[in-house]
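One structure below.
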Amino acid sequence: MKIGIVCYPTFGGSGVLATELGKALAQQGHHVHFITYQQPVRLNGFIPNIYYHEVQVPTYPLFDYPPYETALASTMVDVIKNNDLDLLHVHYAIPHASAAYMAKRILEQEGKHIPVITTLHGTDITLVGKDKTYAPVVAFSINESDAITAVSQNLREETYRTFNIKKEISVIYNFVDVARFSRKPIDAFKKVIAPNGERILLHASNFRQVKRVQDVVSIFNEIRKEIPAKLLFVGDGPERQMAEELSRNLGTCDDTRFVGKQDQMEDILAIADLFLLTSEYESFGLAALEAMAAGVPVVSTDAGGLGEINIAGETGYLSHVGDIAQMTKQSLAILKDDATLAGFKSRAAAHARQYDIATIVPQYEALYEQFLTK
Ligand code: GMT
């Protein structure tokens with residue numbers, strides 16, 4: 001198949017998922033064309049069958065806001081026509097689904113039919129999408145997609161609750177390359193972070209408000225009162241400075257490292273003992289799944305779809321949003337002794353295997369096939 005993939009190229013979960021999907025499809029022999037405004041972060045190295053088309057948005061003194069969606073739709077038309085693509089798979093509804101609708105209509109007039117598959121990822125529905133500035137366009141373009149998928153049951157239900165969607169939304173869960181995340185810890189790295197064998201806690205995100213990173217700092221502050229521990233923050237974003245300030249005020253700064261955006265998550269996760277995800281909402285929590293695949297238990301909130309992947313008492317624990325005391329208690333229960341921690345680690349790794357790339361990617365291929373026969 002010749003597949004066009006449209007996504008955000010940044011460190012966000014939807015872009016990561018879309019890029020890993022494209023790479024996996026290319027490995028299966030499909031030709032995959034990425035259409036984005038920048039090279040996706042996980043699209044590194046040369047991969048045969050992968051093509052990258054950059055969306056150029058010319059500026060003009062008249063434009064306070066360069067019309068990205070128009071440039072994207074025009075690039076879609078160009079790439080689909082010149083490479084004779086079979087379908088377009090867009091990740092994150094805004095503005096990808098509406099640009100795809102426009103491209104589809106333009107191509108129809110030229111006698112080319114292009115099926116559009118839209119995968120909903122989370123904030124495109126629950127936060128940004130439902131803002132009334134965008135909502136009518138989001139609902140319309142989702143309804144106009146040939147197929148709609150959501151990354152969790154929770155997101156599927158949220159979408160039906162939020163918009164008047166007349167079509168079936170199927171759930172295809174996010175995936176992880178288990179083999180890639182099953183790394184042995186690099187001892188020298190572990191020694192640098194935790195020289196005295198302290199437990200290593202980890203949080204990775206884009207530091208948006210929805211992640212409640214201040215809760216991570218507060219939980220760590222409480223844990224440190226009970227056991228020797230270190231905290232690693234991976235990623236960057238608007239709330240990072242606030243998290244740093246709170247660490248300084250609470251006096252946890254010396255035991256906390258902000259390591260910024262990182263490509264090699266598997267090496268970092270390999271040295272971690274616990275992943276903290278304190279989000280107000282998470283449609284799925286791909287970062288938590290990657291942690292589990294690396295054998296790292298997860299203490300998370302019970303928001304959104306997190307309960308679908310984090311199994312209480314098995315892979316970690318869940319609690320209500322903002323319940324610092326409960327999350328501290330749960331973390332300490334996991335970290336209390338080596339045997340308990342080892343149990344959680346191996347159950348987390350075993351659970352993640354259900355979401356292995358080899359299981360989930362064929363579900364997308366099967367969905368694509370339905371449109372090729374029409
Ligand atoms: O979490 C973010 O802010 C990034 C966002 C994105 O679209 O890149 O992540 C969403 O999609 C991920 C991949 O499907 C999910 O794992 C995240 O749970 C989801 N984030 C939210 O729902 C807040």
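The values are calculated or read from the model by the stated rules, or taken from the named source; none is laboratory data. For clarity, every value in this text was computed on a predicted model and none was experimentally measured. Here Cβ is always computed from backbone atoms with ideal geometry, including for glycine, and neighbour counts include all displayed protein chains. For accessibility, only protein heavy atoms count, side chains too; no ligands or nucleic acids. Shrake-Rupley method; radii C 1.70, N 1.55, O 1.52, S 1.80 Å.
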Checklist entry - From the set of residues in the range 1-41 that are in a helix (DSSP H, G or I) and among the polar types (S, T, N, Q), which is farthest from the ligand (Cβ to nearest atom)? => result Gln27
Item to check | Output for the range 317-346, where each listed residue is closer than 19 Å to Ser152 by Cβ and touching a residue at least 40 places away in the same chain (Cβ under 8 Å) | outcome: Val321
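How many residues are assigned to a loop (DSSP other than H, G, I, E, B) and surrounded by fewer than 22 Cβ atoms within 10 Å (Cβ to Cβ) when one looks only at the range 145-169? Walk me through how you get there before you give the answer.
Pass one, the range 145-169, residues assigned to a loop (DSSP other than H, G, I, E, B): 145-146, 151-152, 163-168.
Now restrict to residues that are surrounded by fewer than 22 Cβ atoms within 10 Å (Cβ to Cβ): 146, 163-168.
Here the count works out to 7.
Scan the range 260-275 for residues that are open to solvent by 50 Å² or more (accessible area, probe 1.4 Å) and touching a helix residue (DSSP H, G or I) at 6+ places or on another chain (Cβ under 9 Å) and jot them down.
Within the range 260-275, the first condition is being open to solvent by 50 Å² or more (accessible area, probe 1.4 Å), and the residues that meet it are 261-264.
Hit for the range 260-275 is Gln262, nothing else.
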Next on the checklist: So the check is Cβ under 7 Å with 6+ separation or different chains; which pairs have a first residue in the range 6-19 that's farther than 16 Å from Ser283 by Cα and a second one that's aliphatic (A, V, I, L, M) and in a loop (DSSP other than H, G, I, E, B)?
Outcome noted: Pro9/Val41; Thr10/Val41; Phe11/Val41; Thr19/Leu43
Item to check | Any chance Asp254 is over 16 Å from Ser152 (Cα atoms), charged (D, E, K, R) and outside any helix (DSSP H, G or I) | outcome: no
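Could you identify the single residue in Glu54, Glu108, Glu69 that is open to solvent by 60 Å² or more (accessible area, probe 1.4 Å), outside the structural domain of Gln264 (by TED's automatic domain parsing), more than 25 Å from the chain's Cα centre (by Cα) and more than 16 Å from the ligand (Cβ to nearest atom)?
Glu108
Filter the range 222-238 down to the residues that are more than 18 Å from Gly197 (Cα to Cα) and surrounded by 20 or more Cβ atoms within 10 Å (Cβ to Cβ) and list them by number.
Kept after step one, since they are more than 18 Å from Gly197 (Cα to Cα), are these residues of the range 222-238: 222, 233-238.
Across the range 222-238, the qualifying residues are Phe233, Val234, Gly235.
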Item to check | Tally of residues being within 16 Å of the ligand (Cβ to nearest atom) and within 23 Å of Lys225 (Cα to Cα) across the range 323-355 | outcome: 0
Next on the checklist: Restricting to the range 131-140, name every residue that is crowded, with 19+ Cβ neighbours inside 10 Å and either within 16 Å of the ligand (Cβ to nearest atom) or among the aromatic types (Phe, Trp, Tyr) (or both).
Outcome noted: Val138
Checklist entry - Taking only pairs six or more apart or across chains, which ones have beta-carbon atoms under 9 Å, a first residue in the range 150-164 that is more than 14 Å from Tyr281 (Cα to Cα), and a second residue that is open to solvent by 50 Å² or more (accessible area, probe 1.4 Å) and modelled with pLDDT under 95? => result Thr162/Lys130; Phe163/Lys130
Item to check | helices (runs of 4 or more DSSP H) wholly inside the range 305-374 that include at least 1 residues being charged (D, E, K, R) and in contact with a His (Cβ under 9 Å, 6 or more places away or on another chain) | outcome: 357-372
